[in-house]
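The values are calculated or read from the model by the stated rules, or taken from the named source; none is laboratory data. Computed from a predicted structure; not experimentally measured. Every residue, glycine as well, gets a Cβ built from its backbone with ideal geometry; the counts of neighbours run over all protein chains shown. Accessible surface areas use protein heavy atoms only, side chains included; no ligands, DNA or RNA. Shrake-Rupley method; radii C 1.70, N 1.55, O 1.52, S 1.80 Å.
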Amino acid sequence: MFVFVGIVGVVGVVWVVWVVKVVGAVEVEAVEVRGEMASERASEGQASAEAEREEWPFKRIFGKWDISEVQIRDIGMAKHISLAPVSALHTGGRHAKQQFAKSKVCIVERLINKMMRTEHNTGKKLKAYNIVKRAFDIIYERTGENPVQLLVDAIQNAGPREDTVRLRFGGIIVPKAVDVSSQRRVDQALLFIAQGAQQCAFKSKKSIAECLAEEIIAAARGAKCYAISKREEKERIAKAAR
């Protein structure tokens, strides 16, 4: 009798130990599965956040105009026209002391900086920002095209390919024709576009934003405007000095 009770007790203990082990293994597996599911959800959420961050607003100028679809036809000017996604059109002059680093600045911000050249806009970045923003809206209303694409086309058309330098031979100064670098072509084109808009708006009923829009559209189309006239003038003088 006592032997039978002892055997039953041993079997019961063994059964209890086995049940505890099985339950513990199941719980461990459940914890691992929950951990894997949580990590997958976190990775999916991070991936979607990164995709959303890449899509908007960094690839859109003023939150409207997509820069990923802009094409640059002139391969010489392509590396000096920056269309990299930016969070804000304000670098704070961090590239000012680095040689040739202005090519890294977004081309729209460079236009905004050029609009601050006169005494009316000097140091007023927000005012120049709103001028360019309104000008882009006017361009889209009149053409139905991406204003950034028209700006790039205007820069390519308004940049002079040839210019003159002054060489001194004894007491005589002689003009000499030289080729213009791609970076200077971009600088000159932006300057001509800004100057054309400012001259158009001076003592005029048109706003500076409307004049800037008209200058960009005309330069992009290759029509007669201040920027195209200045480019032709420089190239004509250089041709005579060859």
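When you count, for each residue, the other Cβ atoms within 10 Å and take the mean per peptide, how do 178-186, 65-73, 207-215 rank with the highest first? Intermediate results must be reported in sequence, preceding the final value.
Values: 178-186: 16.7, 65-73: 14.8, 207-215: 22.6.
The densest-packed peptide leads the list: 207-215, 178-186, 65-73.
Its alpha carbons considered, the range 80-157 gives a radius of gyration followed by a Dmax of 13.0, 39 Å. Residue-wise HN-Hα couplings along the range 206-211, as the Karplus relation 6.51 cos²θ - 1.76 cosθ + 1.60 with θ = phi - 60° gives them from phi, are 6, 6, 5, 5, 5, 5 Hz; Gly and Pro carry x. Remark on Ser82: its backbone amide H falls under 5 Å from those of Ile107, a criterion applied only to residues 5 or more positions apart or on other chains, H modelled at 1.01 Å from N.
Annotation: amide H-H contacts under 5 Å for Thr164 (H modelled 1.01 Å from N, sequence separation of 5 or more, or interchain): Val178. Each residue of the range 110-119 was assigned a 3J(HN,Hα) from its phi angle through the Karplus curve 6.51 cos²θ - 1.76 cosθ + 1.60 (θ = phi - 60°); the sequence is 5, 5, 4, 5, 5, 6, 9, 6, 7, 5 Hz, with glycine and proline shown as x. Relative to one another, the C-alpha centroids of the range 164-242 and the range 134-153 are positioned 21 Å apart. Peptide packing: for 78-87, 129-138, 115-124, 168-177, the average count of neighbouring Cβ atoms within 10 Å per residue gives the ranking 129-138, 78-87, 115-124, 168-177, highest mean first.
In this structure, the residue pairs whose Cα-Cα separation is over 25 Å, taken from Lys127/Lys224; Lys125/Lys234; Lys102/Lys124, are Lys127/Lys224; Lys125/Lys234. Could you tell me the accessible area of Val165 in Å² (1.4 Å probe, neighbours in place), rounded to the nearest ten? For Val165, solvent-accessible area is about 60 Å².
Set the Förster distance to 22 Å, then compute FRET efficiency between Lys127 and Phe62 from the Cβ-Cβ distance, nearest 0.05. Efficiency for this residue pair is about 0.90.
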